[in-house]
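Remarks on the structure that follows.
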Amino acid sequence: MRLWTWQSKDFSLLDKSQKVESIKHSFYVNKHPNLNIRKKHREAYEKVFQKLDTNQLIWCFTNYNESIEKASIEEFEKIRHCLLWEIDVPDNEIIWYCNAAWNTLRTGEPAMPEGVWEIFHSSEYLFPKEAKRYESEFNKFWSGNTIEDLLNLVFLKKAVFDLGLPNARSTGCSGALVIHPVDIQKIIKNPFEIGRWWNGPTQKNWPINTDANILKIIPCRNCPGR
C-alpha cells in the first residue's frame, strides 16, 4: 500500500544505521507554548513505544492529499522543516492505528479524525440538530476512556477507509505505522534524489451530506477495524 511520511531533513530512510527520532523532532513535544500539551504528547509517544516494544516508528498518512493539506504543510514543512517521502509497504507490515484514540491519548480531549470530522462538517447545514448530536456522541464516547482504555483501543486489526459518506475527501479514520528500517525497494519517492516533488497546500473541498442516516451512530461504536 502507498503511504506518505514526513521526516526530518537530516534523516534518510535509506540509511538503516540512522535512528528515527519521533520525540526529538516533534513540535508538540518540544516547542509548543503550552507545557501541559508538551507533557501529554511526550507521555503518549512513550506509552505507544512501550506498547509496541520499539521507538523506531515511521508515522504515515494513508492519503496523499491529507499529507499536503494546509495544516500538514504548515506543521511538517514550515515548522519542522521536514521532507515528504512516498513508500509502498505490504499490508502485513503496517501497524494500523485509530486516529480518534491517538488524538485523545495525546491531547487528553476527544478530537475527531479527518473522516469523522468530514461527516460532521458536511452535515451541519442540512441537518444541524443531527450533526450536533453526532458530535456530542463522539465526545462522550471518547472522553469516557482511561489511558489504559485508550492504549487498548489505539491499535486496529485493519484499516478503516470507508465511513459511508459519498464523495468523501478523506480515506477514513486510520493512520499507519511502519517499523524502521524500511526496505530500500519500498521507497517510491526520495526527496533527497528528486527534490521537492510534492504539491501543496491543497484546498479542502467538503462534500455536502444529504443522508441523515449517516449521522445515526458514530463509526467508533461499531468500528470494523477492531
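Worth a mention:
- Residue check, ARG80 of a type in the set (D, E, K, R) and surrounded by 20 or more Cβ atoms within 10 Å (Cβ to Cβ): no
- Condition check for ILE194: at pLDDT below 95, among the aliphatic types (A, V, I, L, M), under 30 Å from ASN92 (Cβ atoms) and surrounded by fewer than 19 Cβ atoms within 10 Å (Cβ to Cβ): no
- On inspection, ARG133 fails the criterion of being among the basic types (Lys, Arg) and closer than 27 Å to SER26 by Cβ.
- Residues being touching a residue at least 12 places away in the same chain (Cβ under 8 Å), in contact with a Gly (Cβ under 6 Å, 6 or more places away or on another chain), buried (at least 16 other Cβ atoms within 10 Å of the Cβ) and not aromatic (Phe, Trp, Tyr) are represented in the range 210-217 by at least one member.
- Against the criterion of being farther than 16 Å from TRP117 by Cα, in contact (Cβ under 8 Å) with a residue 60 or more places away in the chain, in contact with a strand residue (DSSP E or B) (Cβ under 8 Å, 6 or more places away or on another chain) and surrounded by 15 or more Cβ atoms within 10 Å (Cβ to Cβ), VAL160 does not qualify.
- Condition met for LEU165 (within 21 Å of the chain's Cα centre (by Cα) and not in a loop (DSSP other than H, G, I, E, B)): no
- Taking the range 165-181 as the range and being within 15 Å of ILE94 (Cβ to Cβ) and among the hydrophobic types (A, V, I, L, M, F, W, C) as the test, the residues that pass are ALA176, LEU177, VAL178, ILE179.
- Condition check for VAL154: farther than 19 Å from ALA44 by Cα and within 19 Å of the chain's Cα centre (by Cα): no
- Qualifying residue in the range 209-217 (condition: among the aliphatic types (A, V, I, L, M), at pLDDT 90 or above and more than 30 Å from ILE119 (Cβ to Cβ)): no
- Pairs where the first residue, in the range 42-68, is among the charged types (D, E, K, R) and the second is surrounded by fewer than 18 Cβ atoms within 10 Å (Cβ to Cβ), C-beta under 7 Å, 6+ apart: ARG42/ILE23; LYS47/LEU151; LYS51/LEU151
- When restricted to residues that are of a type in the set (A, V, I, L, M), modelled with pLDDT of 90 or more and under 14 Å from the mean Cα position of the chain (by Cα), the range 49-72 contains 3.
The values are calculated or read from the model by the stated rules, or taken from the named source; none is laboratory data. As the structure is a prediction and not an experimental result, all values here were calculated from the model. Neighbour counts are summed over all protein chains in view; Cβ atoms, including those assigned to glycine, are modelled from backbone coordinates with ideal geometry.
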